[in-house]
Amino acid sequence: MANLSFDPVAGEKVTTRGHTGLFTIDSIYPSGHPGLGTADLKLVGTEHYERGVPWSMLNFWDETRPIRRAIEWLRANPVVPFPNYVVDYQVEARDDHQGNPAFYVRFFVEPDDQPSPEKIKGLNRFLGSVQTMLLSLNLDRWPYVQVSEKRSLLDVAS
Amino acid sequence: MSLAEELLAQSRFLANLDPHNPTQANLRRAVSSAYYAVFHLFSAEVAAQISPVGPSGLRVRTQRALTHNTMYKAAESFSQAGVRPRNLATDITMSGPISAELTDIAKGFKQLQDERHAADYDVSRSFDRIEVLALVQTAEDIFSDWNTEKISGNAPVFLASLMFWQLWNK
């Protein structure tokens, strides 16, 4: 995971200490050192800019971004090959049943009324590998990794 | 067949009922049974480790004293391979790094407990067969991994942690 980056990118929504309101990252200026740089921020709905804000001062609006970054990195770097029947995923930040902070990563798969035992075992290996990778990031939320059939989304939408 | 094994078999049976139109009731009970299979597997193992067979009733009463919350916290601490469990008292010696089997057991236990809670209480959630089969498989893998792990030097520490974790960390 050497090239897995959590650096800010233009377009992300952030807040920053000492300034009220939600900003959009307008420009990024990496320092050349990993994780260090500054950003120009634009206050949402205005033409007001805050320039040269250190990355360390940015609070990202999307709590799930480290998980999304990691999963997109996994897609691009087949350390954990995505099974071809995995078609989408969603990430949610909320508390688990014990009231502890958690990420819920749900992978959606093609419907299959009678999946073979081998398919279920392969699916579990994939889910387990993703969870192990997410745990290695030492995030401040526990990563629960789940699976659902894609049609569940359609059921909810209808 | 032990109660834990019966519950595991029941979870597989319920998950496979009604091949084309499974009911939420069966799927939810399958998830709940999968969790309780694992819960009773470990509560029996913990009681066997820390309590003698006699006098009558002592071991069963010990088994009854385990709590979901303590087991959840202990499982979380054993969830990363190769490192000492976080917050484990330093005077307790581990025989070696936490094995891949034990981390899978710990992660699976925590996941199943959370899913069991949703299956029993969250009526807004809809379960489908593939996710339930994946959870049943997780429970079956825990049984299989425990067969390998239970003879390891770290197994007694894990079992004791399931009962005493919060008391150790008061």
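The values are calculated or read from the model by the stated rules, or taken from the named source; none is laboratory data. Worth saying up front: this structure is predicted, and the values here are computed from it rather than measured. Counting neighbours? That spans all protein chains shown, and the Cβs are built from the backbone with ideal geometry, glycine included.
Just to check your reading of the model, which residue among A:V109, A:V105 is buried (at least 17 other Cβ atoms within 10 Å of the Cβ), aliphatic (A, V, I, L, M) and under 16 Å from the mean Cα position of the chain (by Cα)?
One residue alone meets the criteria, A:V105.
Pick from segment A:1-35 the residues that are out of contact with any strand residue (DSSP E or B) (no Cβ under 7 Å at 6 or more places or on another chain) and of a type in the set (S, T, N, Q): which of them is farthest from A:R75 (Cα to Cα)?
In this case the residue turns out to be A:T20.
With respect to A:V14, is the statement that it is at pLDDT 95 or above, crowded, with 17+ Cβ neighbours inside 10 Å and within 30 Å of B:R125 (Cα to Cα) true?
Numbers: at pLDDT 95 or above: yes; crowded, with 17+ Cβ neighbours inside 10 Å: yes; within 30 Å of B:R125 (Cα to Cα): no.
For A:V14, the condition - at pLDDT 95 or above, crowded, with 17+ Cβ neighbours inside 10 Å and within 30 Å of B:R125 (Cα to Cα) - is not met.
Out of the residues in segment A:62-81 meeting the condition of being over 12 Å from the mean Cα position of the chain (by Cα) and not small (G, A, S), tell me which one is surrounded by the fewest Cβ atoms within 10 Å (Cβ to Cβ). Before the answer, list the steps.
Pass one, segment A:62-81, residues over 12 Å from the mean Cα position of the chain (by Cα): A:75-81.
Still in the list and also not small (G, A, S): A:75, A:77-81.
Working: A:R75: 13, A:N77: 12, A:P78: 8, A:V79: 10, A:V80: 17, A:P81: 13.
By that ranking, first place goes to A:P78.
Only one of these is within 14 Å of chain A (Cβ to nearest Cβ), of a type in the set (S, T, N, Q) and loosely packed, with under 15 Cβ neighbours inside 10 Å: B:S95, B:S77, B:S126, B:S99. Name it. Please lay out each step first, then the result.
On the way: B:S95 fails: within 14 Å of chain A (Cβ to nearest Cβ); B:S77 fails: loosely packed, with under 15 Cβ neighbours inside 10 Å; B:S99 fails: loosely packed, with under 15 Cβ neighbours inside 10 Å.
Going through B:S95, B:S77, B:S126, B:S99 in turn, the sole match is B:S126.
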